[in-house]
1. Scan the stretch B:217-244 residue by residue and report those that are closer than 15 Å to B:ASP315 by Cα and assigned to a loop (DSSP other than H, G, I, E, B).
2. Starting from residues that are more than 13 Å from B:ALA117 (Cβ to Cβ) and under 18 Å from the mean Cα position of the chain (by Cα), keep the ones in the stretch A:134-149 and report whichever is nearest to the other protein chains (Cβ to nearest Cβ).
3. Taking the stated definitions as given, is B:ARG120 at the interface with another protein chain (Cβ under 10 Å from one of its Cβ atoms), without any contact (Cβ under 8 Å) to a residue 60 or more places away in the chain and surrounded by fewer than 24 Cβ atoms within 10 Å (Cβ to Cβ)?
4. What are the residues in the stretch B:218-248 that are near ligand 1 (Cβ under 8 Å from one of its atoms) and within 13 Å of another protein chain (Cβ to nearest Cβ), if any?
5. Taking the stretch A:205-235 only, how many residues are at negative phi and within 23 Å of the chain's Cα centre (by Cα)?
6. Filtering the stretch A:235-247 down to residues that are in contact with a strand residue (DSSP E or B) (Cβ under 9 Å, 6 or more places away or on another chain) and facing chain B (nearest Cβ under 7 Å), which residue is surrounded by the most Cβ atoms within 10 Å (Cβ to Cβ)?
7. Within the stretch B:256-279, is even one residue open to solvent by less than 60 Å² (accessible area, probe 1.4 Å), over 23 Å from the mean Cα position of the chain (by Cα) and facing chain A (nearest Cβ under 8 Å)?
8. Going through the stretch A:209-234 one residue at a time, which ones are aliphatic (A, V, I, L, M), open to solvent by 40 Å² or more (accessible area, probe 1.4 Å) and more than 7 Å from chain B (Cβ to nearest Cβ)?
Amino acid sequence: MLKIVVCVKAVPDPEKADQIRIDPVSKALVRADVPLVLNPLDKNAMEAAVQLKEQFGAHVSVLSMGPPPAANVVKECLALGADQGILLSDRAFAGADAYATAYTLARGVEKIGSYDLILCGRASSDGSTEWVGPELATLLDTPIVTMVEEIIEYGDEWWKVKSGLDNGYRVVRVKLPAVLTVTRELNTPRTLSFSGIIKARRKQISQWGIDDLDIPEQAVGLKGSPTIVSEMTTQESTREVEMISGTREEMAERLIQKLADAGFLASS
Amino acid sequence: MTTVEFRHGPVWVIAEQIEGRVRAVSFQLIGHARKLADELGAPVEVILLGESLDEPAQQLIAAGADTVYLGDDPDLAFYHPEIYTEMIVRLAQERQPEIMLIGSTPMGRELPALVAARLRTGLTAHCIDLVLNENMILEQKVPGYGGLISIICPERRPQMATAARGVFPSPELDTSRPGRVAPLVVPKEIPHRIETLEIVREEPEGVPLESAAVVVAGGAGAGDPGGWREIQGLARVLNAALGSTRPAVDEGWTELETMIGQSGKVVSPELYLGVGLSGELQHMVGIVGAKVMVAVNNDAKSPVFEQVDYGIVDDCREFVPVLIEKIREYQTK
Ligand SMILES: Cc1cc2nc3c(=O)[nH]c(=O)nc-3n(C[C@H](O)[C@H](O)[C@H](O)COP(=O)(O)OP(=O)(O)OC[C@H]3O[C@@H](n4cnc5c(N)ncnc54)[C@H](O)[C@@H]3O)c2cc1C
Ligand SMILES: Nc1ncnc2c1ncn2[C@@H]1O[C@H](COP(=O)(O)O)[C@@H](O)[C@H]1O
């Protein structure tokens, strides 16, 4: 049976994330109470895992590193069809950059045991580095294909996938075990079902901290991160706006006149 | 012969070629690497992997490289994650670069992470500026939380960063610049767990974003596919390239290729029209040097109006069809 690990991130709700701002005076982050949700592209990763489970039979583990409230996101994945949920949570994990995140996730994967496939989203909505998947793969010495938009062929040992390029795609053969990062083109994520939620109630979430993973404190979180934030500043715009008013038709005509005067529109 | 001692390791650019042509972003990064290297008192070294690249290697020297490490082999013709990573990591261990820059292309969204994890160093994605501070440490600027965040990699080396095409200007080519090409050999004992079987290139539709004189960008305010089609129609009558914000991509109204901003494309049109978008910095940093900027938004308090030359407060779903109609009238007048 296929063993799949899906890495999911709890992110500030993208609809409300713009409430987290840099304070112009203190230059510190103003933390609005934005709820954590499942990272949008990780829904596609979860969906891919559940479809593989339905098609071939699979054991699906969900792995997330985050603060204690991220447990809700892991729970959601259990309700979507995952068999096992693991939250890597510890004060020492806080402040991790992509490298420290990938390092901690790698130790989590090793504790879960053997795997055939690790699925990640292409990007998270808040960090959006796209680094965690490829760095995780490297730290596990596992091949990776990023931007997977279709799984074309499932062999015993090799899979064939389609991966996005700018203006086109490539077809890649990859040897399992492998890491794939997925795009929204891959599938349409299902919504939570009532029966899924009921079934998930019986499934346990394991929470692992730094002692469970048996790693030194210098290797994780802010201490284990090669990069740090050195400064935050606010931006001032240099443009002076002229508002165009009038009825809808007048506004359209006035704008056209401005554009024509600036040489952007020509009449025949 | 005298040997020059450098206090800092070289500034590296990983160049990228497609079918033997070096991408514009690679030239731009070499231009910027030159500036950083001159400040540091260090050489610029460029890694170019591919096949039949003697000519392009010379162009990289003309753009500012002191040394081009050239891997010229049929096995390198297309980006191969395992071979490329191994070659770059080995050379980095030998040359100890201070800085390593790569373009934010599909390759540049994967390869630097494979290299950074092997070298256990930091890596910053989609930078909109890269400057040396008073301690000669690279400040890697990215937009975030309505402002600008500066990220540094204080201890580990190299300091790695990616930037999109258009963030830095293209350098003047000086064919009289001296420089040398050093060959790289393809290592034999690579695992080969990934194999590219086929590459399919599709011709993009319409005006290409990066070189368009006029850009019409739509955002979440389009509301639905119907609202989006109106914005597409506006782009068409203005012979403009169509751009988008992330929510428009997330809703599936348009492709990722049209996204403008920090993690998308950087455009430098003469005229930019933003429709139904809020002017979030992560989008706005993707518009560089536009002469005239216009915004249409139904909320008079939207921050987008602080960043443009002309503003119109209206429901774009109502306003855009009228605007299209009036433009057509004007054009046939
Ligand atoms: C790390 C990171 C990287 C990112 N990279 C990018 C990037 O590269 N590009 C990008 O675009 N975004 C990026 N984002 C997302 C970015 O922060 C914003 O969320 C996004 O740009 C907002 O898009 P929007 O303006 O379309 O949507 P919103 O912010 O939701 O704004 C919609 C606007 O439309 C207006 N509106 C609503 N209805 C109407 C109507 N009927 N008529 C007229 N106006 C209407 C509203 O008043 C509002 O101002 C990134 C985010 C992160 C965290
Ligand atoms: N804290 C985390 N826990 C679990 N998975 C993560 C975490 N951060 C990132 N990922 C995974 O890596 C992908 C890319 O994230 P990023 O590199 O932040 O853009 C996400 O879609 C997740 O699959």
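The values are calculated or read from the model by the stated rules, or taken from the named source; none is laboratory data. Bear in mind the structure is a predicted one, so any value in this text is a computation, not a measurement. Glycine also receives a Cβ, built like all others from the backbone with ideal geometry; neighbour counts cover every protein chain displayed. Protein only, heavy atoms only, side chains kept; ligands, DNA and RNA dropped before computing areas. Shrake-Rupley method; radii C 1.70, N 1.55, O 1.52, S 1.80 Å.
1. The answer is B:GLY219, B:GLY223, B:ASP224.
2. Top of the filtered list is A:THR146.
3. On the way: at the interface with another protein chain (Cβ under 10 Å from one of its Cβ atoms): yes; without any contact (Cβ under 8 Å) to a residue 60 or more places away in the chain: yes; surrounded by fewer than 24 Cβ atoms within 10 Å (Cβ to Cβ): yes.
Criteria met by B:ARG120.
4. Filtering the stretch B:218-248 for residues near ligand 1 (Cβ under 8 Å from one of its atoms) gives B:218-223, B:227, B:244-248.
B:GLY219, B:ALA220, B:THR245, B:ARG246, B:PRO247, B:ALA248, listed by residue number.
5. Going through the stretch A:205-235 one residue at a time, the tally reaches 17.
6. Of the residues in the stretch A:235-247, the ones in contact with a strand residue (DSSP E or B) (Cβ under 9 Å, 6 or more places away or on another chain) are A:235, A:239, A:241-245.
Now restrict to residues that are facing chain B (nearest Cβ under 7 Å): A:235, A:239, A:241-244.
Details: A:GLN235: 15, A:ARG239: 14, A:VAL241: 17, A:GLU242: 10, A:MET243: 11, A:ILE244: 20.
Filtering first and then ranking leaves A:ILE244.
7. Looking for residues that are open to solvent by less than 60 Å² (accessible area, probe 1.4 Å), over 23 Å from the mean Cα position of the chain (by Cα) and facing chain A (nearest Cβ under 8 Å), one finds none in the stretch B:256-279, hence no.
8. The one that is aliphatic (A, V, I, L, M), open to solvent by 40 Å² or more (accessible area, probe 1.4 Å) and more than 7 Å from chain B (Cβ to nearest Cβ): A:LEU222.
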